[in-house]
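This report concerns only the one structure given below.
Quick note: the coordinates plus some simple rules give every number you see, no bench work behind them. This one's a predicted model, so the numbers in the text were calculated from it and none came from an experiment. Cβ coordinates were reconstructed from backbone atoms using ideal geometry, including for glycine residues, and neighbour counts include every protein chain displayed.
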Amino acid sequence: MGLTFGLMAAGLIVIYAIGPQRANFMNSLYGTDFSSNYFFLHQLVAVVVAVAAFAAGYVLPYATYRKYAKIMMLGAIILNAFLGLLAAMHGWQSWGIVKCELGACRWLNLGPLGFQPAEALKLALIFYLPSLVMKHKKEGTLGKKEFFIPYVIVMGLSLLFSVVLQKDMGTGVVIGAIGIAILWMSGIEWWKFVGVLLLVLVGGILMIISSPHRMERLMTYSGEGDSDASYHIDNAMLAIGTGGMFGVGIGNSVQATGYLPESINDSVFAVMGETFGFVGLMVVLAAFMLLLFSLIKTAENVEQEYALVVTGVMAWIGAHVVVNVAAMVGLIPLTGITLPLLSYGGTSMMFSAFALGLAMQISRLTGRETEPIERRQTWKEVSKRRMERSRA
């Protein structure tokens, strides 16, 4: 809880520091009338909502979510299908129902609020997939076609909506990470797991080569793209390099004045590097590492169904951190994805906080008697059994 709220507070500080610069840039470029505190106040509201979501995840019993796992999964799929349908019917956009930016339609406008349906997919997966695993394990069909058919359908639809319809490769990577991590922890035979992993990799490659803008980013990463295509990553690395060891200080960021695209959301890591320097970035990364480590320790010491849920949360947060940071420092091709709890925006923060609150609830079950369900193996027992099978 301390790490979650601490990262939220750090994000607030960053938005407070660069919000006025962002407002001036938007007003000059688009003729808007944002006040200097506009982005900070909106982020403050998002933090309050996220704290409430964390509390909801912590207080409401997990058994309640497990009971409605199928309904939540179906609801998330329908919601994303609805977004795709409206985006295809361009006339609906004039009503303000769908928000499209840079050729991608990823948001539903709900009055004064915006909502990103892809976040609901991530949350639904960490409920549905563990329940699917435990159902087929109890029936003795785990790893058979009775299990893989619903698994492939759900994962395929989730990736279709996020990567193909919403043109969001970053979210697709996170969804894939959740599905693969939970499948690994299910205890299926290693060769079946490798087969699914190869299928996902082939699907990812096809999604990249079939998209011109993804191929352009890949060419830029390999050094063969033009200078305009590398503008974003060049300025991100310039921001981090300019920060030096201790940064230029709050309010002194140059990149946040408009040079660095998406400075308050996808590129917030680079702006933090410019503002707080190498030391500041190491503190942020250390906080994320401690958070992920605490999730791992929780998953190691609870029964398997709970471990699968926490593993999904860990894959969710971990994939966001790894992809965002790696893209900002040029280790992987650039893709748009937020830095959890730090980037500007309410939907991502709210759902991430809810998932972490749920993980904290499950952490209370470590070393204690859980609710009266049949004995299930822990994370360590599953790993040990898999290793013994491999040696045999």
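Summary table
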{"quantity": "Ranked by how many other beta carbons lie within 10 Å on average, peptides 302-315, 157-170 from highest", "calculated": "302-315, 157-170"}
{"quantity": "Dipole in debye (nearest 20) - the chain, about Cα centre, beta carbon charges: Lys, Arg +1; Asp, Glu -1", "calculated": "1540"}
{"quantity": "Separation of the residue 206 and residue 48 label points, Cα + 7 Å toward Cβ, nm", "calculated": "4.8"}
{"quantity": "Cα lying deepest toward the dipole's positive end in the chain, options 355, 8, 23, charges on Cβ", "calculated": "355"}
{"quantity": "Listed residue (65, 194, 80) projecting farthest to the positive dipole end of the stretch 60-206, Cβ model", "calculated": "65"}
{"quantity": "Three principal axis lengths of the chain [C-alpha, angstrom, descending]", "calculated": "63, 44, 43"}
{"quantity": "Per-residue ³J(HN,Hα) for the stretch 73-87, Karplus 6.51 cos²θ - 1.76 cosθ + 1.60, θ = phi - 60°, Hz, x for Gly and Pro", "calculated": "5, 5, x, 5, 5, 4, 4, 6, 5, 4, 4, x, 5, 5, 5"}
{"quantity": "Burial order of peptide ranges 324-334, 9-19 (average beta-carbon count within 10 Å, highest first)", "calculated": "9-19, 324-334"}
{"quantity": "Expected 222 nm ellipticity per residue - DSSP helices of 4 or more, -39500 (n - 2.57), all of the chain, to 500", "calculated": "-23000 deg cm²/dmol"}
{"quantity": "Length gained when the stretch residue 252-residue 55 is fully extended (0.36 nm per residue, less Cα-Cα span)", "calculated": "67.4 nm"}
{"quantity": "Extension gain (nm, one decimal) between residue 145 and residue 216, 0.36 nm per residue minus Cα-Cα", "calculated": "21.8 nm"}
{"quantity": "Cα-based reach from residue 67 at 20 Å (exclusive), listing lysines while leaving out same-chain residues under 8 positions away", "calculated": "122, 135, 137, 138"}
{"quantity": "Estimated inter-spin distance, residue 326 and residue 36, nm [label 7 Å along Cα→Cβ]", "calculated": "4.1"}
{"quantity": "Linear extension gain, residue 297 paired with residue 26, 0.36 nm per residue minus alpha-carbon span", "calculated": "93.2 nm"}
{"quantity": "Phi-based couplings in Hz for the stretch 126-134 (Karplus 6.51, -1.76, 1.60; Gly and Pro marked x)", "calculated": "6, 9, 6, 4, x, 5, 5, 4, 5"}
{"quantity": "Spin-label model distance (nm) - residue 13 vs residue 290, 7 Å beyond Cα toward Cβ", "calculated": "1.3"}
{"quantity": "Packing rank of 48-60, 206-218, where each peptide gets the mean count of other beta carbons within 10 Å, highest leading", "calculated": "48-60, 206-218"}
{"quantity": "Cα-centre dipole for the stretch 60-206 with unit charges at Cβ (Lys and Arg positive, Asp and Glu negative), debye to 20", "calculated": "400"}
